[in-house]
Amino acid sequence: MTDPQTSPARPLTEPGDDDDPATEGLGLRELKKRQTRIAMHRSALELVAEHGFAQVTVEMIARRAGVSTRTFFNHWTTKDAAVLGVITGDSLEISGRLRVELEEHSPREALRAVLRDALTAVPADPELRDLKKQVMAKEPLLHSISSGRLLEVQAEMVEVLAGFLDGEEARTRAVVAVQVGFALTRSAFALSMAKGVDLLAAFDEVTDLYDSGIIEA
């Protein structure tokens, strides 16, 4: 009998990658990194579905994905990061990207660029999305971990954005801007699932609709 922990890894090329807008313009090296990351994310979800979150280890995930533990930690800081797999990097890395964007773009453009970039890490494969839903429903702890990470990311982004805004209400404006930005990403997820469209296209549609005034006559 084949050990599920050591089963051969899936090919790193994911079905649909050629049609995934998130891969457009990526060089061979970046495309390989994305495929490796998705393979580890899939492996992490499969293992949690099979054994439960507490029983899964980094070594198991790496083995299932066909990579070394060193490669695993080049992409993820912890096993729960690999299971959640939505936002790459930690809060400091994301806030650092925002800081770079703010040097060249307006606060609104910079914030949206960072959020849109984070969405490129979300696999386009609907089966993988369904698997994640099943795992999240089975493991309530993951919701707490996800919420904690999200709050950490938002707090760091607020600090960075507030430093670039002028006026006494800079921090308040930064809080609102970040909260609105994340609300738009949630709407994009909902629209993507409802219409069956690409997540990045959904995000662009949502932001365009928001900018137009949404319900103004």
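The values are calculated or read from the model by the stated rules, or taken from the named source; none is laboratory data. Quantities reported herein were computed from a predicted structural model and do not represent experimental measurements. We place every Cβ from the backbone using ideal geometry, glycine too, and count neighbours over all the protein chains shown.
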Would you mind telling me which numbered condition in (1) assigned to a loop (DSSP other than H, G, I, E, B); (2) farther than 20 Å from residue 193 by Cβ residue 108 fails?
(1)
With the structure loaded, tell me whether residue 50 is among the charged types (D, E, K, R), in a helix (DSSP H, G or I), modelled with pLDDT of 90 or more and surrounded by fewer than 21 Cβ atoms within 10 Å (Cβ to Cβ) or whether it fails that test.
yes
Run residue 98 past the list (1) of a type outside the set (Gly, Ala, Ser); (2) in a helix (DSSP H, G or I); (3) under 20 Å from residue 190 (Cβ atoms) and report the number of the one that doesn't hold.
(3)
Suppose we filter region 177-217 for residues that are surrounded by 12 or more Cβ atoms within 10 Å (Cβ to Cβ) and either over 21 Å from the mean Cα position of the chain (by Cα) or not in a helix (DSSP H, G or I) (or both); how many remain?
4
When (1) part of a helix (DSSP H, G or I); (2) farther than 22 Å from residue 130 by Cα; (3) at pLDDT 80 or above; (4) not hydrophobic (A, V, I, L, M, F, W, C) are applied to residue 42, the one that fails is (2)
With the condition kept exactly as written, say whether any residue in region 133-153 is buried (at least 17 other Cβ atoms within 10 Å of the Cβ), more than 26 Å from residue 83 (Cβ to Cβ) and in contact (Cβ under 8 Å) with a residue 60 or more places away in the chain.
no
